[in-house]
1. Would you mind giving the mean number of other chain beta-carbons within 10 Å of the Cβ of each residue in A:276-289, as a whole number?
2. Considering only C-alpha atoms, what is the centroid distance from the range A:176-190 to the range B:62-89, in Å?
3. Between the alpha-carbon centers of the range B:1-59 and the range B:111-159, tell me the distance in whole angstrom.
4. For A:His246, what accessible area in Å² do you get when you roll a 1.4 Å probe over the heavy atoms of the protein chains, rounding to the nearest 10?
5. Can you find, among A:Met26, A:Ala77, A:Ala107, the residue farthest towards the positive end of the dipole of the range A:1-130? Put +1 on the C-beta of Lys and Arg, -1 on that of Asp and Glu.
6. Residue farthest toward the positive end of the dipole of the range B:3-217, with Cβ of Lys/Arg at +1 and Asp/Glu at -1: which of B:Ala102, B:Leu91, B:Ala189?
7. Count charges around A:Gly371 for me, please; just the other residues with Cβ under 10 Å from its Cβ, Lys/Arg as +1, Asp/Glu as -1.
8. Kirkwood Rh, Cα Rg: Rg to Rh for chain B?
Amino acid sequence: MADLRDVFITGAGAFLPGPPVGNDQMEDHLGRVHGRDSLLGKRALRWNGVESRHYAMAPDGSISHSNAQMCANAVRAALEDARLDAKALSFLAAATTQGDYFVPGHAAAVHAELGARPMEIASFQSVCGSSLMAAKAAWLNVRAGEHDVAAACAGEFSSRWFRPSFYEGTALCDEKGRVRPEADFLRFTLSDGAGAAVMEPKPKPDGLSLKIALIDVVSLADRFDPCMWAGAPIATRADLTTSWAHSGPRAAHAAGAIALLQDFELLKRVIRAWVGVYLQKVDEGRIVPGEIDHCLVHYSAKSLRAEIVSLLEDTSGMIPEEKWHSILREKGNIGSATIWVMLADLLASGKVKRGDKVLCVVPESGRALVGFMVLEAV
Amino acid sequence: MSDDVADVLRKLTVVFTEFEGRLEQMPLLRKLTRGRFELADYQAFLIGLRQQVKDGALWMSRAASNIDEAHLELRSQLMRHAVTEHRDFRLLEADYVATGGALETIQSAEKNVGSEALSAWMFHRASQPNPFDLLGAMWIIEGLGSIKAKEWGRAAQAALNLPDEAVRFLLYHGDNDVEHIGEFKQMLAMVLPDAVLAQRIVKTARVTARLYALQIEEITA
């Protein structure tokens, strides 16, 4: 067997649809459930720290791009950053939480938009962590010598799922027409966009490339019930005989099994589980906090509760906040796309120097998963 | 804070989060998180917890009695700790009675298989000279008090519509514990650095967590 090759991210790209939408306009944009202002919205925004985001859907419901189109645009931007033609690409891994189709996979839709040429594709559907699943596939394909130019992309079109019609007439609204917090919170948290990275077995001739040191993805679904999900009602979500596909689309909609939902109580436990996995990586020497120059996490430090930060400090696991680079405030939480949009933003900021190490942390509350990627600038 | 203390705290945190994941899978706690918790489950839970709570101050006292003169401060801390907690099982009994249970029932209940194992283990370790590794056991048990108890108490109260006086043990524990981590770090600093002991503390935490989980696994309504 041939030796494994080093792999470098030679291009990163982002695509954000339309102009930024501020907190004061966002509810107009998504629409008000039963015409009422959200009870939770302001608190959710304070908690998640988002001040502006992008939507591919206009207030009138028309759309500027599909999820696949946003992804294809991000791949084009990443290829341009790598100074490669799309025809150089031979492997495309695409990630999303909710693609344009149920079937076939997201990568097929992205490839169709991208054009270029026949190529190998792979689709990854999860939540935020799907980005790193796709990245790992692209990385290993180049590493094993199967492909010389691979792209990993991730995109979200969440706003489509946040329209009032997803909640009205369902068990997710109370008798006064108010949406349950499990549903409402995410409307104020997630937004649209896509990001991508191009990987090759050598750095690009000039400019920075990022050597991939590791990609680790750890699922704790063997122990946790769904924490962020769509497709099952709140109370019976662990029982898949009540999933939407089983009860049929109309009954599932009425039962509140279609909208995207989040369990906050469980989230607190899942956050501790993420911290545990991270500290285990630190303990094993897979991640060395003192060596990290830039930390990309799509959680804001202020949303991590103070005791988590002090726990990280007590256990030599904390990366000082001044090394955190985030796009949450300006560009929002774009689910799986966030990590690539953050990386493109970090590279464009000029903050990265040769020899710097970048740690990407991708927590996914979905069913308790967390992924890590360590990059070294060359 | 020294690196030695931070290293042990990190390993202990990993043990605790693994333990939490294991608890998440326990049938009794699955009932609680999946909306199938009944009064009989809560009563069985209190009975199951009582054994270890009752023994807790006793093994701590025994451990204190085995600490030598060179570590008097640690001995004092353990003794204070034991005094603070040694009547907590009475609160638990009162909670049980407030749910409509009979005092004799909880007082006469036998230890389950897991409680037997946990108790035997704790007293065995506490009987060793300078049993500093029990700090690992305290990390697990204190962690349950400060992190899990309140969560369980609130969820049980909400699920069963219980009056406040039926969930005092679980809720009271949660309130009492913020300063414990500071105290815990001080205790670790009293016995570290010591590479062999550091490993032993983590091992004792791991065994304690496993046996505690067994105790909960064995609770049946």
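1. For peptide A:276-289, the averaged partner shielding equals 3.
2. If you average the Cα positions of each part, the centres end up 50 Å apart.
3. Between the Cα centres of the range B:1-59 and the range B:111-159 lies a distance of 7 Å.
4. Surface open to solvent at A:His246 totals about 130 Å².
5. The Cα lying farthest towards the positive end belongs to A:Met26.
6. Ranked along the dipole, the leading option is B:Ala102.
7. Residues near A:Gly371 contribute -1 overall.
8. 0.97
The values are calculated or read from the model by the stated rules, or taken from the named source; none is laboratory data. In this text, all values refer to a predicted model and were calculated from it rather than measured experimentally. Heads up, the Cβs are rebuilt from the backbone with ideal geometry, glycines too, and the neighbour counts pull from every protein chain shown. The area values use the complete protein model at the heavy-atom level, side chains included, leaving out ligands, DNA and RNA. Shrake-Rupley method; radii C 1.70, N 1.55, O 1.52, S 1.80 Å.
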